[in-house]
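Read the structure below first, then the notes.
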Amino acid sequence: MKCHACGGEMKVAKVKSYEYRECGLPNVLLSGIQRHSCRNCREEYVDIPKINQLHRLIGMTLCCRKEKLSGIEIRYLRKEMGLRAIDFARVLSIQPETLSRIENDTQDAGDTLEKFMRSAYMNLVSAEQEVPIHLNYIKIFAEAAKLPKAPEKKIRLKPEEWINKLSSSFCPERCIAH
């Protein structure tokens, strides 16, 4: 592979653990990702295959996790649904200022609102896949109300988890339903 910056040869190496901050979350780690480094200009590129499926897996992992969602995770889900804050606030029947406080972790979303946010995202993914992604909604939402908030917990993902995995049986191992 040639460098996009200088045209030099790129060296390829697998990265043991890559912090995927480009997704907008501070706690997503990808393993087994290829890093391309130019020997001439030291430019670096990271190769992340099937990025849309990866983002869906991240969203489903958030929705199925065993902790309450943090504000930044709620913002991630909203953005992945393609909604502006003002439109999502309208859907949730709350003021945009309230959504802003929730997304900035200065106000708790509350159990009902959080369940709705998880459900909205999971339904979107189900509709896009044309199959029910998760059949354990009731268990997930019943358990989610009892969970502590843990925004610092890392989400560790491997390429094989998002490449060719979004199917009718998709459910992250970290899911409440397991």
- [ ] Test Leu62 against the criterion of being on the phi < 0 side of the Ramachandran plot, touching a strand residue (DSSP E or B) at 6+ places or on another chain (Cβ under 9 Å) and not in a helix (DSSP H, G or I), and give yes or no.
- [x] no
Task: Positions within the range 12-29 being surrounded by 13 or more Cβ atoms within 10 Å (Cβ to Cβ), part of a strand (DSSP E or B) and either polar (S, T, N, Q) or over 12 Å from the mean Cα position of the chain (by Cα) (or both), in sequence order - done: Val15, Tyr18, Glu19
- [ ] Give me the pairs, please: first residue somewhere in the range 11-33 and closer than 16 Å to Asn52 by Cα, second residue anywhere and acidic (Asp, Glu) and in a helix (DSSP H, G or I), beta-carbon distance under 7 Å, and either six or more positions apart or on two chains.
- [x] Leu25/Glu73
Open item on the list: Would you confirm, using the coordinates I've provided, whether Leu99 is outside the structural domain of Lys158 (by TED's automatic domain parsing), outside any loop (DSSP other than H, G, I, E, B) and touching a residue at least 12 places away in the same chain (Cβ under 8 Å)?
Closed with: no
TODO: Output the number of residues of the range 106-129 satisfying the condition of being surrounded by 14 or more Cβ atoms within 10 Å (Cβ to Cβ), under 27 Å from Leu57 (Cβ atoms) and without any contact (Cβ under 8 Å) to a residue 60 or more places away in the chain.
DONE: 14
Open item on the list: Only one of Arg56, Arg35, Arg42 is buried (at least 18 other Cβ atoms within 10 Å of the Cβ) and either touching a Gly at 6+ places or on another chain (Cβ under 9 Å) or of a type outside the set (Gly, Ala, Ser) (or both). Can you tell me which?
Closed with: Arg56
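The values are calculated or read from the model by the stated rules, or taken from the named source; none is laboratory data. Fair warning: this is a prediction, and the values are worked out from it, not measured in the lab. Please note: Cβ atoms are built from the backbone with ideal geometry, for glycine as well, and neighbour counts cover all protein chains shown.
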